[in-house]
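The values are calculated or read from the model by the stated rules, or taken from the named source; none is laboratory data. The structure presented is a predicted model; accordingly, all values stated were derived computationally and were not measured. Here Cβ is always computed from backbone atoms with ideal geometry, including for glycine, and neighbour counts include all displayed protein chains. With ligands, DNA and RNA removed, areas are computed over all heavy atoms of the protein, side chains included. Shrake-Rupley method; radii C 1.70, N 1.55, O 1.52, S 1.80 Å.
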Amino acid sequence: MTLTLRSSTSFIHLNDTKIIKAPLLEDLHGIISFKQAKPPSCLRIRNSLQEIKMERGSNKMEKLHSLSLNHHTNDLRVPVFVMLPLDTVSLGGSLNKPRTTNASLMALKSAGVEGVMVDAWWGLVEKDGPMKYNWEGYAELVQMVQRHGLKLQVVMSFHQCGGNVGDSCSIPLPPWVLEEISKNPDLVYTDKSGRRNPEYISLGCDSLPVLKGRTPIQVYADYMRSFRDRFRDYLGEVIMEVQVGAGPCGELRYPSYPESNGTWRFPGIGEFQCYDKYMRASLEAAAEAIGKRDWGSSGGPNDSGQYNQFPEDSGFFKRTGTWNSEYGKFFLEWYSGELLQHGDRVISAAKGIFHGTGAKLSAKVAGIHWHYGTRSHAAELTAGYYNTRHRDGYLPIAKMLAKHGVVLNFTCMEMKDGQQPGYANCSPEGLVTQVKMATRDAKAELAGENALERYDIAAYEQILATSRSESGNGLAAFTYLRMNKDLFEPQNWRNLVEFVKRMSEGGRNWRLPESDCCGSDLRVGFIKEKRIEKVVVV
């Protein structure tokens, strides 16, 4: 099996001679020897039973993918980033598998990606106590990314890892925060059955000093300020984007569809998360302010069904349900409005901290596409997006982010309507189009992600289509989920490299090169003038 990588820029210093023992993948170990050579050159990489050496290349080369010389200056290009594993930094605070990460970054650079994304977990960095930060593992990563000439997106992850789609490890909130939650369970989101969700602190206490004398917003701000101070020299140079987490999974939403312990299953409508005492007090005050005290007494609709029901199973969400009544409109305005204000508070804090650093800010919005074809859009409503057949719930979010100059990062860019089960009334394509239009109207930048791990051409084709601006905004950037062993499988790797190339050309339609049609070996890459760096894994 052969892996051939070519890069528009060399990732090897040919005038250096050194030997590095490095696992290329999680379970692949080898020795890489870089010898002085004249281009074209060949880096041959073998497993632990074989030597790995660089030697002069042969003139017998297969067809390569032509690439215009303005690849990195094309105004239409969509830079592609790749998400690193969730456990890139270990529970002990050090960089996990540094040699594997180093080799993987080398490969990604050769594929033409712009950079990588990593979660800066609150539960790791501030786990030893309030304002006791450990950024050492991330510092090692930043320096490694810089050495490879890549860029970095860093997520301020104020949520727990574990219990959701794709979560491969468990990273809870900091122990001292969990201690406060154990004393006061109302610090976290709560459903109508009293079930507590420890993924993220309830926005109901945003402005209350409930975390050892600080408010949650102050805690988030102190964390981001510490990050800024630690990485000041890299912001705007290596660290190009800071994504500000504002809810579970880092998304601006309520945890309305928790998968942990089987609470929710696709395509359930989810449940409202407004039953902690702080959210209830806010609802009561809102109801009393309009002279409808009884509308705030129950904490939320009493006919909104359960997590795994369908819209027509509940009095609130059914076609002619109370979601469209005077009470329903009041409640949904309040529920979505609280979420929007929370996002505004967190983003405002981040904007004040990172202003002038050169790093862009972004915020993530969830792609809740199930039941999108119904009138009520029940699953979106429970998550806090007041989006129905009669109301655009994404325009207010886009306007809030545009006000701060923040990029809206949206998911499910790889999904097509025809791939979804008919009974779930899904329309990811309709949802993406709506968000593209909302960001265009709000004059907000739009970036994208795939919601699920996909390696097939069909998924890449759909991303290419949504990256263009025929309807609404095109994409300013795309972040691919996720770097793992499967990504480096020959067919998957070839697809990724071709995808990155197409995105660099402004989202051109998919076209497999002649030399790759047989599919027996992986031969992917770029040409720049006549210099070719070739990597072969045998």
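Here are some notes:
- Taking the criterion of being open to solvent by less than 30 Å² (accessible area, probe 1.4 Å) and of a type outside the set (A, V, I, L, M, F, W, C), the residues of segment 189-213 that qualify are Tyr189, Thr190, Asp191, Asn197, Glu199, Tyr200, Ser202, Gly204, Asp206.
- Residue, nearest to Val154 (Cα to Cα), within segment 337-352, restricted to residues that are open to solvent by 10 Å² or more (accessible area, probe 1.4 Å) and not acidic (Asp, Glu): Lys351
- Subset of segment 443-499 (residues that are assigned to a loop (DSSP other than H, G, I, E, B), farther than 16 Å from Glu414 by Cα and of a type in the set (Lys, Arg)): Lys443
- Residue in segment 454-471 that is nearest to Val155 (Cα to Cα), counting only those that are at pLDDT 95 or above and open to solvent by 10 Å² or more (accessible area, probe 1.4 Å): Arg454
- Scan of segment 276-293 for residues that are outside any helix (DSSP H, G or I) and buried (at least 23 other Cβ atoms within 10 Å of the Cβ), ordered by number: Asp276
- Taken over segment 214-265, the residue count meeting the criterion of being of a type outside the set (D, E, K, R), in a helix (DSSP H, G or I) and surrounded by fewer than 16 Cβ atoms within 10 Å (Cβ to Cβ) is 4.
- When restricted to residues that are open to solvent by 10 Å² or more (accessible area, probe 1.4 Å) and either aromatic (Phe, Trp, Tyr) or more than 27 Å from Val242 (Cα to Cα) (or both), segment 472-485 contains 0.
- For Phe330, the conditions (1) among the aromatic types (Phe, Trp, Tyr); (2) out of contact with any Phe, Trp or Tyr (no Cβ under 7 Å at 6 or more places or on another chain); (3) in a helix (DSSP H, G or I) all hold with the exception of (2).
- Each residue in segment 382-414 was checked for being in a strand (DSSP E or B) and either free of Cβ contacts under 8 Å to residues at least 24 places away in the same chain or in contact with a strand residue (DSSP E or B) (Cβ under 7 Å, 6 or more places away or on another chain) (or both), and 5 pass.
- Within the option set Lys416, Lys360, Lys403, being open to solvent by 30 Å² or more (accessible area, probe 1.4 Å) and under 18 Å from the mean Cα position of the chain (by Cα) holds for one residue only, Lys360.
- Checklist (1) open to solvent by less than 40 Å² (accessible area, probe 1.4 Å); (2) more than 22 Å from Met503 (Cα to Cα); (3) in a helix (DSSP H, G or I) applied to Thr439, failing item: (2)
- Boolean, Arg502 is at pLDDT 90 or above, open to solvent by less than 20 Å² (accessible area, probe 1.4 Å) and more than 24 Å from Pro85 (Cα to Cα): yes
- Tally, over segment 294-313, of residues that are outside any helix (DSSP H, G or I), touching a Phe, Trp or Tyr at 6+ places or on another chain (Cβ under 9 Å) and within 17 Å of His377 (Cα to Cα): 8
- Failed criterion for Gly315 (all others in (1) farther than 30 Å from Tyr220 by Cα; (2) among the small types (Gly, Ala, Ser); (3) in contact (Cβ under 8 Å) with a residue 60 or more places away in the chain hold): (3)
- None of Gly162, Gly213 is at positive phi and within 20 Å of the chain's Cα centre (by Cα) except Gly162.
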